1. Enumerate the pairs (first residue in region 22-41 and farther than 17 Å from TYR10 by Cα; second residue anywhere and open to solvent by 60 Å² or more (accessible area, probe 1.4 Å) and outside any strand (DSSP E or B)) with beta-carbon separation below 7 Å, excluding pairs fewer than 6 apart on the same chain, so at least 6 apart or on different chains.
2. Looking at region 17-56 only, could you name the residues that are loosely packed, with under 14 Cβ neighbours inside 10 Å and closer than 15 Å to LYS67 by Cβ?
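The values are calculated or read from the model by the stated rules, or taken from the named source; none is laboratory data. This structure is a prediction, so every number in the text was calculated from the model and none was measured. Backbone-built Cβ (ideal geometry, glycine too); neighbour counts: all protein chains shown. Heavy atoms of the whole protein, side chains included, go into the accessibility calculation; ligands, DNA and RNA do not. Shrake-Rupley method; radii C 1.70, N 1.55, O 1.52, S 1.80 Å.
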Amino acid sequence: QEGDVTLKIYTIGGRMIKTLAQSGRSFGYNQIYWDGRDADGSFLANGVYFYKITVKGQSGEASTMGKMVVMK
């Protein structure tokens, strides 16, 4: 089934710095392009960040969180 996908990026302190969203995504492998910038347009500094992926569909909502590392 199709669903709306939201990807939120957080600092290690819990401050949300970027939200990426796409609607009408189908089940299976999907990609969301992100240029590595925060909501203000600045590139992220090297370090550890958290992300949260949320999918909302007809049958409900599911989400997961994970850690990522930015290295340049």
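1. GLY24/GLU2; ARG25/GLU2; SER26/GLU2; PHE27/GLN1
2. Within region 17-56, ASN46, GLY47, VAL48 qualify.
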